1. Kindly provide the set of residues from the stretch B:133-153 that are touching a strand residue (DSSP E or B) at 6+ places or on another chain (Cβ under 8 Å) and within 15 Å of B:Leu178 (Cβ to Cβ), ordered by number.
2. If a residue has to be within 15 Å of B:Ile80 (Cβ to Cβ) and open to solvent by 50 Å² or more (accessible area, probe 1.4 Å) to count, how many in the stretch B:153-177 make the cut?
3. Sort through B:Lys57, B:Lys72, B:Lys42 and tell me the only one that's over 19 Å from A:Leu53 (Cβ atoms), at pLDDT below 85 and within 18 Å of the chain's Cα centre (by Cα).
4. State yes or no: is B:Leu133 buried (at least 20 other Cβ atoms within 10 Å of the Cβ) and at pLDDT 95 or above?
5. Return the total of residues in the stretch A:2-36 being in contact with a helix residue (DSSP H, G or I) (Cβ under 7 Å, 6 or more places away or on another chain), free of Cβ contacts under 8 Å to residues at least 24 places away in the same chain and assigned to a loop (DSSP other than H, G, I, E, B).
6. Any idea which of (1) facing another protein chain (nearest Cβ under 9 Å); (2) open to solvent by 20 Å² or more (accessible area, probe 1.4 Å); (3) modelled with pLDDT under 95 is the one A:Arg62 doesn't satisfy?
7. Counting only residues that are open to solvent by 50 Å² or more (accessible area, probe 1.4 Å) and in a loop (DSSP other than H, G, I, E, B), which one in the stretch B:39-88 is nearest to B:Glu19 (Cα to Cα)?
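The values are calculated or read from the model by the stated rules, or taken from the named source; none is laboratory data. Please read these numbers as outputs of a predicted model, since none were measured by experiment. Positions of Cβ are backbone-derived with ideal geometry, glycine not excepted, and every protein chain shown enters the neighbour counts. Calculation scope for accessible area: heavy atoms of the full protein, side chains included, ligands and nucleic acids excluded. Shrake-Rupley method; radii C 1.70, N 1.55, O 1.52, S 1.80 Å.
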Amino acid sequence: MTKTFTQDDLIRYIYDEMPPEEAVELQQAMLCDGALQEEYKALRATVSLLDELLPQSAASSRQGSSSKA
Amino acid sequence: MENALSDCQLVKQFLQGNEEVFEVLVARHQPRIFTAIHLIVKDRYIAEDLTQEVFIKAIGTLRSGRYNDEGKFKPWIMRIAHNLAIDHFRREKRYPTIVLEDGTNVFNTMDFAEAPYEIIQAQKDTKAKLRALIQELPDAQKEVLIMRHYMEMSFQDIADATGVSINTALGRMRYALLNLRKKLKKHHIAYDQNIYPR
């Protein structure tokens, strides 16, 4: 059965708080679900914008640690 | 100051008497702590003082031998920062808030809620606007957003620190991001979904 992912799941994924197996499932779901992928992009963009307030060094260290492949 | 040692290793060295290593911990965590406190107290100079106080308090606890965080220095010091900032904020605040289930302050929904004065007055600078929009978020949503994004606390740590369930913390973060997204659009602050890495 295909799992349905929510915005809360996307947030857990963006913040690296999702177990690896579930993250893979979410990535696969996004490949087949355009709406889910768009929602992910929108949330990711909002989260990334928050980094604007961080000093350069702290922002780049986050990007290195939390960017998704 | 670059240093490849982990926080845990640095704390261990500090506890063994090499107090100079604390400078590395300060350099590593000060930017985020300052940014988070600044967002809470909204005053740069108070934020600088409180950031300094965070590290003084941390040193005091380390020296007294009361430190026992099982290797989690960052959540521990972020919690000190959050508590100090909130204590300060509460001391300064002169009106009560009623927080609804979704983290919305009930007064935000009333007609006499303040106009977004900060927005109007904000410089035409993305950072200033963004900071002002974050300040407009209901307190509970703003709190979770600052703790998760700027203090890098996990949702579980946030839930423990604020006395709510992890689902509530996550839900408040969701409302915070969705509200912020709406405000960004409303104020025409550019955020290109395609320029940020996945």
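1. B:Pro138, B:Ala140
2. 1
3. Of B:Lys57, B:Lys72, B:Lys42, the one residue that is over 19 Å from A:Leu53 (Cβ atoms), at pLDDT below 85 and within 18 Å of the chain's Cα centre (by Cα) is B:Lys72.
4. Taking the combined requirement at face value, the residue does not satisfy it.
5. 2
6. With respect to (1) facing another protein chain (nearest Cβ under 9 Å); (2) open to solvent by 20 Å² or more (accessible area, probe 1.4 Å); (3) modelled with pLDDT under 95, A:Arg62 is out only on (2).
7. This residue is B:Gly65.
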